[in-house]
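So the structure is just underneath, and the comments pick up after that.
The values are calculated or read from the model by the stated rules, or taken from the named source; none is laboratory data. The model shown is predicted, which means the values in this text are computed figures rather than measured ones. What goes into the accessible areas is simple: the full protein's heavy atoms, side chains included, and nothing from ligands, DNA or RNA. Shrake-Rupley method; radii C 1.70, N 1.55, O 1.52, S 1.80 Å.
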Amino acid sequence: MRLHRSPRPAAAAALGAALVALLTPAPAQARSSALPTVTPTAQTPALYDDAAGGNANADDPAIWRNAADPARSLVVATAKEGGLRVYDLDARPVQSIPAPAPPGQGDAPGRFNNVDLVPGLRTPDGRADFAVVSDRGNDRLRVYRIDPSRPGRPLTDVTDPAAAPVFSTSQSEINEQRTAYGLATWTDKSTGRSYALVSRRNRTAVALLELKPTAAGTVGYRKVRMIELPSSFRLPNGASWSPCAEPDELPQVEGMVVDPANGVLYAGQEDIGIWRMRADLTGKPVLIHKVKEYGIPGVYDEQTEECTLGADPGYGGKRLAADVEGLTLFQEPDGDGYLMASSQGDDTFALYDREISEHNEYEGGFRVGPASGTLDGSEECDGAAVLNQPLGARYPRGLLVVQDGHETPAVPDGQGGDREATGFKFVDLGKVVDAADM
């Protein structure tokens, strides 16, 4: 979500080349500039969020690895009202799947928000790979079977027609759009059952849905349980604080990822920080990292649609500038690795230790900057996906895909402004590992 606000406080994220650099205090500006910059190797064609562009708006990617031929792997990405896009490793379009039309006059159209993958889901016909999408417009999950033997149409919609809304009880409630939003998938190693964890737009809820393949070849789901994260917080000075937002909006979750090794869910509450909890949504969530703006009072102006922020009481974190977005997991074979988060407010990416025993401590960060005048970097990143496995000669050390909220060069809209353009950047993961000393 991008809420119009007055300028946020200056960013203060850091990456040292060695431990001593990480522990040595430095001015905020120096720490921010110390972050290494990596450049993309490819970018998808721009998506335009206007009528001429099909109201397409890039949001969230996922990387599907073709085990039989890694060089023919795919990137599946959401385009909101523009539906779903599939790209090859050269960032070329392979398939475009439209979002569903409105069910009736005046109803909300389909709007695909987030996507994740379920490899090897058990079905009556055997195991298969699937992409699961949160359809914010219809408050449902959409499920697509991935078939690499269909090179021009690898994804097929297999959503159970009986799939019910995730949070809403009626079409009128769906039209209010407090609907399925962020999404992460999880397969419980102890049972083999697969799930989707889904957050609710403009609310603090997260629901656990079990994915249910049917004899007809479709995939539905059933709600197992739901939790509500806090919307207000007690500050050290005793005051109660909630982040500034539009009226009747609560601090929502979007970016989520599950560590498959231990069944831990990391959830980014955009204006609050990163929560850690059990993926089965039992137990108590723990707020492990706060955004810098945590605790800053603000007043929302309905005319300007902006928040005027007050003085910073100093209760926030040091690395993440709201919104916290795009959580993804860099996994290493020995169990080590990193939780990666998009710090949308200052166009950086933060790395946290995957190990809970290390308290998911901050390990560094980086930026994705421009490679040329036509191959730009990533700004206001909404979503990210990383895969630390070889993907052929082009990406022998793996791939990072990040959303770019401002494609350049700008394209005039014919009315004195520029068309709203977004896309995805493909980054050689080896560059990130070397630059960030991962």
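Things to note:
- Kirkwood radius and radius of gyration were both taken over the C-alpha atoms of the chain, and their ratio Rg/Rh is 0.94.
- For the range 264-277, Karplus couplings with θ = phi - 60° (6.51, -1.76, 1.60), whole Hz, Gly/Pro x: 9, 9, 10, 10, x, 7, 3, 9, 10, x, 9, 9, 10, 7
- Whole-percent carbon and sulfur share, accessible surface of the chain, 1.4 Å: 49 percent
- Residue of Q171, Q105, Q389 that the Gaussian network model of the chain assigns the largest fluctuation, springs spanning Cα pairs under 10 Å: Q105
- Result for the chain in a Gaussian network model with C-alpha springs under 10 Å: among G377, G220, G414, the largest mean-square fluctuation is at G414.
- Where the range 51-173 is the region considered: accessible area per residue in Å², 1.4 Å probe: 40 Å²
- Cross-link pairs beyond the 23 Å C-alpha cut-off, checked among K223/K284; K80/K318; K189/K223; K189/K284; K223/K425: K80/K318; K223/K425
- Heavy-atom accessible area order for V94, V264, largest first, 1.4 Å probe: V94, V264
- Near T123, the amide H atoms lying under 5 Å from its own belong to A128; only residues 5 or more places off or on other chains count, and H is placed 1.01 Å from N.
- Long-range amide H partners of G255 with built H, under 5 Å: G268, G326, L327
- Mean separation of Cα contacts under 8 Å, 6 or more apart, over the residue count of the chain: relative contact order %: 16 percent
- Rounded to the nearest 5, the antiparallel percentage of DSSP beta bridges internal to the chain is 95%.
- In sequence order, calculated HN-Hα J values of the range 421-433 (Karplus, 6.51, -1.76, 1.60; Hz; x Gly/Pro): 10, 9, x, 10, 9, 9, 10, 4, 5, x, 4, 5, 4
- When the chain is treated as a GNM with alpha-carbon contacts under 10 Å, the residue of V133, V76, V411 showing the greatest mean-square fluctuation is V411.
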